[in-house]
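Coordinate-derived values only; no laboratory data. Computed from a predicted model, the values in this text were never measured in an experiment. Heads up, the Cβs are rebuilt from the backbone with ideal geometry, glycines too, and the neighbour counts pull from every protein chain shown.
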Amino acid sequence: MFGQPSKLTRRDILIGGLALPFSLQFLLTSGARASTIGALPFLDDKRHSNTITEDEDKIIPFDLTRLTHWITPSSQFYIRNHFAVPPVSDANDWIIKVQGNVRHPQNISFTQLGRFSRVEQVVTLECAGNSKHRNHGLVSNARWAGVPLKTVLERVHLAPDATHVVFHGADAATEGKRHFSRALTIEQATHPAVMLATEMNGEPLPPDHGFPVRLIVPGWYGMAHVKWLERIELISRPFNGPYQTTFYVNKRRVGRGDDVIWKSSPITKIPVKSIVARIQRDYHSKGNIYKVSGAIWGGNRPINAVNVHINDDNQWHTATLAENSDPFAWTLWSYQWDNPLPGLHHLMSRGIDHSGNVQPIKRSTHLRGPYQHDEVIFRRVNLS
């Protein structure tokens, strides 16, 4: 059996348990104080326009104006499900079949899984379709606990010709003919950070987040984190399932001039991305001061910088980053906005990662498709 679920630490709740500069102290306000001061509404916020609460094709974004802590509460974590949540009455009855091109196929029970070495890590998840329709809340950050996938694969002894690992979820379309499945190469699957998670924020996984077992692939878009995992299949060829080759793919332009072709490729890792999440008046400071705050995630770590642009002043202002040593978790940032005039304002932030990759102002013209919107997000707010 798994041990007692780990509880959230003060570090989780307070961004990182560090002594923060004044410019980040507002992020640590209590819920009562935060709700009293309140975040200003964004005029471009369409987070409710795409909300779907039906069992199938469920979409419930995280309200980013509530981004006051590093860890997203499980009850507020965004939800994106393609099919109805499969009913699970008792986790101890759950079996994961590990089969295919392996020497020793196994049926691993939830109880057996709990006897393996346990790991924890904080990982930010983002839906590949986030920001597609000005709905920016399909991203959240949580502490996950479970078992390294590599440990499970070592038990079955992969066959020499095994090249890919397919992960099959128990969720299925109404007609029952199509399950959600995605694949990784052997090299990707055996990365030490890839895990089979059984806990989220110190508690068993909620039903909408894959109870009792889900895959976590840090740094990748959400479609790779297969939920309700019931089967792991080793194969000797690239996987051609619909969610690998038809859905969750983009087209990239290859060649020049008359030789241009658009080549489809599956969505994989999250590029560097940031967003202005909250703007609030600082009533505890003298003068006309507002706090602009947000998060940055994806890209190559550690994060280098976040810059904030306001209106048409032709300047990028450097934001203050909260300390964060977790390589796959978002980093919170803030900027002190002094003496803004009343009226309509336009703001945006851009992230820069360790390799010097800069979040683009516009989406690349070399990319087509509804996924991987990593361009700068423009926010509009009206100050009275």
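Treat the count of other C-beta atoms within 10 Å as a stand-in for reagent exposure and order Val102, Val254, Val147 from fewest to most.
On the way: Val102 18, Val254 11, Val147 22.
The most exposed by this proxy come first: Val254, Val102, Val147.
Fewest Cβ neighbours within 10 Å first, please rank Glu203, Glu126 accordingly.
Glu203, Glu126
Calculate how large, on average over all directions, the projected area of the Cα convex hull of the stretch 106-201 is; give the answer in nm² to one decimal.
Mean projected area of the Cα convex hull: 8.4 nm².
Quick check: net charge around Arg231, other residues with Cβ under 14 Å of its Cβ, Lys/Arg +1 and Asp/Glu -1?
Result for the neighbourhood of Arg231: +1.
If packing is taken as the average number of other Cβ atoms within 10 Å across a peptide's residues, how do 56-63, 154-161 rank, most packed first?
Output ranking for 56-63, 154-161: 56-63, 154-161.
If the chain between Ser285 and Asp313 were fully stretched, how many nm would it gain, using 0.36 nm times the residue separation less the Cα-Cα distance? Before the final figure, lay out the partial values.
Working: separation 28, 0.36 × 28 = 10.08 nm, distance 2.46 nm.
Fully extending the segment from Ser285 to Asp313 adds 7.6 nm.
Within the set of other residues whose C-beta is less than 12 Å from the C-beta of Gly210, count the net charge using Lys and Arg as +1 and Asp and Glu as -1.
Spelling it out: positives minus negatives among the neighbours equals -1.
Taking 0.36 nm per residue of separation and subtracting the Cα-Cα distance, what length does fully extending Glu154 through Thr174 add?
Result for the pair: 3.7 nm of gain on full extension.
With labels modelled as points extended 7 Å from the Cα through the Cβ direction, what inter-label distance (nm, one decimal) is found for Asp338 paired with Val358?
2.6
Given points 7 Å out from each Cα along the Cα-Cβ axis, report the Val260 to Ser75 separation in nanometres with one decimal.
Here the modelled spin labels are 5.1 nm apart.
Calculate, in whole percent, how much of the Cα-Cα pair population of the chain lies beyond 30 Å.
In whole percent, the long-distance tail amounts to 42.
Sort Tyr243, Tyr78 so the one with the fewest other Cβ atoms within 10 Å of its own Cβ comes first.
So the residues, fewest neighbours to most, are Tyr243, Tyr78.
What number, in percent, do you get for the relative contact order of the stretch 253-384 if the mean sequence gap of Cα pairs under 8 Å and at least 6 apart is divided by its residue count?
27
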